[in-house]
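The values are calculated or read from the model by the stated rules, or taken from the named source; none is laboratory data. These numbers were taken from a predicted model, which means no experiment stands behind them. Methodologically, a virtual Cβ is constructed for each residue, glycine included, from the backbone with ideal geometry; neighbour enumeration extends over all protein chains shown. Only protein heavy atoms, including side chains, enter the accessible area calculation; ligands, DNA and RNA are left aside. Shrake-Rupley method; radii C 1.70, N 1.55, O 1.52, S 1.80 Å.
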Amino acid sequence: DDGIFRFIVFGSWSDRKSTIEILKTFKKLYGKNTRVELILNAETYFFPDGCNSTQERMVKYDLCSDNIKIIKNLPREQYLDYMQKGNVFLSCARGEGWNIPLIEAMACGTPAIYSSCGGQLEFALGKGIPVRIKDKVIASKYNCDTPGLWYEPDFDDLESKMIDVYENYPLYKQKAV
């Protein structure tokens, strides 16, 4: 316990996962706050933006902040340690089949923010901190070959949920456990 409040993000860097929007929201809210940090594990080698690493993407999309810490592929034990010790798990995908990191965070008793859509609602509905969906969007809008529709999270709602869970953490932790 070092007094730092930690949001954690585990998953691939992609438009479907709303990685850029999650990081922009964090940076806007807590980018200058030395008592809050975001742990990011989103190394993706096949994202069509010409970048070769998460660090390059952080620079390209103007997301760098001293309190965003990039970690790369971890052994299972270290991954679980982050899941258990992180204050809040963040996920706000436009589409989600199951979301294994979300269910693992919830199983660890870590409060979790997630988009209110997709297969994850099979286990997350009525639990955690859901983010409203504004609309459906055509997936191919995001330069991908994915057919069909995705959901567009309400990123203003994500912002308010991140503030609320930070300001009322003991309540959310108790509920998560």
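ALA139 meets all of the listed conditions (1) aliphatic (A, V, I, L, M); (2) in contact with a Cys (Cβ under 9 Å, 6 or more places away or on another chain); (3) open to solvent by less than 40 Å² (accessible area, probe 1.4 Å) but one, namely (2).
Contact annotation: residue pairs with Cβ atoms under 8 Å, 6 or more positions apart or on different chains, pairing a residue in the stretch 52-75 that is touching a residue at least 12 places away in the same chain (Cβ under 8 Å) with a partner that is polar (S, T, N, Q) and part of a helix (DSSP H, G or I), are ILE70/THR54; ILE70/GLN55; LYS72/THR54.
Count of the stretch 43-84 residues, restricted to those that are part of a loop (DSSP other than H, G, I, E, B), under 18 Å from THR110 (Cβ atoms) and at pLDDT 95 or above, is 1.
Return the residues of the stretch 157-176 that are of a type in the set (Val, Ile, Thr) and open to solvent by 50 Å² or more (accessible area, probe 1.4 Å); say none if nothing qualifies. Break it down into steps so the answer makes sense when it comes.
To start, the set of residues in the stretch 157-176 that are of a type in the set (Val, Ile, Thr) comprises 163, 165.
Within the stretch 157-176, just ILE163 meets the criteria.
Every listed requirement among (1) open to solvent by 60 Å² or more (accessible area, probe 1.4 Å); (2) over 15 Å from the mean Cα position of the chain (by Cα) is met by LYS24 save one, (2). The test for being open to solvent by 10 Å² or more (accessible area, probe 1.4 Å), of a type in the set (Asp, Glu) and farther than 30 Å from GLY148 by Cα holds for GLU77.
Within the stretch 151-174, residues that are closer than 17 Å to GLY31 by Cβ have Cβ atoms under 6 Å from residues that are at pLDDT 95 or above and charged (D, E, K, R) in these pairs: PHE155/GLU21, counting only partners at least 6 apart in sequence or on another chain.
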